Amino acid sequence: MFSLGSFTSRRPPDAWRLTLTFHHESLGQQEREVVWVAGEPEAGVLAALADRLADPGLVHEAVHVTLHTASGPLLGVVAAAGFGAPVRLALTVRETQSRLVGVELVRTSGTAALPTSLALALWQELEAATVSRLRVADPGAVAALADARVVARFTDLRVLNLSNAGLTALPASVGLLTGLEELRVVGNQLRILPPEIGQLTNLRVLAADSNQLTILPGELRRCTELEELTLQHNRLTSVLLSFASLRHLSVLHLYDNPLDFLPEISPCSELTHLTVANLRITADQAYTKFKVEFLPPPPGGGGYSAISLWDSKQSDRLRPIFALMLRRSSGHHPLLAGALRQLAEEDAKNRELMAKQENGLQQL
């Protein structure tokens, strides 16, 4: 006989893992981990971290030999062998510590957030100035990063990944990371991005897919080095950005957003990848070869109410994207124009659908 208790499932404990990545020219790359569960004393977690940081395996020892005579040092053993006077040999051991270059702090099970006091203590113990890559997937640990004094210590940070961290707001302190080149905040519940993001003038990649964004900060136009902007699975009805300052943009993903019209992307002369409505468009840099793909329906149908983008008939499937591409904003970008041309060449019915759109003939 089985008791009822044998079928009772237990909730997994709240647990976290801190992964440290070190690099040394002679030792290569090494990782050290600290794992703990809720209820463990903070002092014990910090002691475990101190042990990992003081691991002798992270230290490289090099032996240096020098030969000296009364008149000065000799260059090499051969020189010493041919020298008639007494030679003194000296050995020195030089130790060099591996540099901490990467940090990952994630919750591995459970639902509780890491206590902010522990997160602050962990960040304080690390040699943050040498860290170039940081991934944090816990709201409590991210809350600790809202402290400007903590963020200011990450002076060499280039990649910040806060994806799937349960965030409802991105700390404004992220604007202090002026050397940042890649920012990922995928899979949170963000409704807006802070205007301080405009201070990241070296940013090349911004990935904010799968959030609840309804608007983008105008300050994003200051990120003039931006090459990749991905905003899929959000609630944007428009993308009101000054793309004239984003001339290096090569990737723009807007799939699964209820857009009323396309953004004016004509200044983006390097754009070769665009995902919008139910289309993925790619091209070579010379805009001579194009690939147009229909994407599968997203959960909920993509938020379009007039005509479903996912109807079985080809004409119904194409009509919304044609209306979107030819309404207000235009196909005045080689990437869009090439996609329209390819669709028109593939089927005469596509040309008829385009011509029926408002201003369609003028656009074509």
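Structure summary
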| item | result |
| --- | --- |
| From phi via Karplus (6.51, -1.76, 1.60), per-residue ³J(HN,Hα) for the range 17-32 in Hz, x at Gly/Pro | 9, 10, 10, 10, 10, 10, 9, 9, 4, 9, 8, x, 9, 9, 10, 10 |
| Rounded, prolate or oblate (a/c below 1.5 giving rounded, otherwise prolate when a/b exceeds b/c) for the range 132-186 by Cα gyration tensor | oblate |
| Overall form of the range 220-261 per C-alpha gyration tensor (a/c, 1.5; a/b vs b/c) | prolate |
| Relative contact order %, the range 90-147, counting alpha carbon pairs below 8 Å whose residues are six or more apart | 48 percent |
| Eligible aspartates and glutamates near LYS291 by straight Cα distance, threshold 14 Å, same-chain separation 8 or greater | GLU345, GLU346 |
| Solvent accessible area, Å² - ASP347, 1.4 Å probe, full protein context | 40 Å² |
| Residue-wise HN-Hα coupling along the range 162-171, computed from phi with Karplus coefficients 6.51, -1.76, 1.60 (Hz; x: Gly, Pro) | 10, 5, 6, 9, x, 7, 9, 8, 8, x |
| Spin-label model distance (nm) - HIS332 vs ALA43, 7 Å beyond Cα toward Cβ | 6.9 nm |
| Solvent-accessible area per residue, Å², over the range 107-191 with all protein chains present [probe radius 1.4 Å] | 40 Å² |
| Separation of the ARG341 and THR19 label points, Cα + 7 Å toward Cβ, nm | 4.6 nm |
| Euclidean distance between Cα centres, the range 111-146 to the range 284-299, Å | 39 Å |
| Rounded, prolate or oblate (a/c below 1.5 giving rounded, otherwise prolate when a/b exceeds b/c) for the range 126-254 by Cα gyration tensor | oblate |
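The values are calculated or read from the model by the stated rules, or taken from the named source; none is laboratory data. Just so it is clear, the model here is predicted, and its values are computed rather than measured. Positions of Cβ are backbone-derived with ideal geometry, glycine not excepted, and every protein chain shown enters the neighbour counts. Protein only, heavy atoms only, side chains kept; ligands, DNA and RNA dropped before computing areas. Shrake-Rupley method; radii C 1.70, N 1.55, O 1.52, S 1.80 Å.
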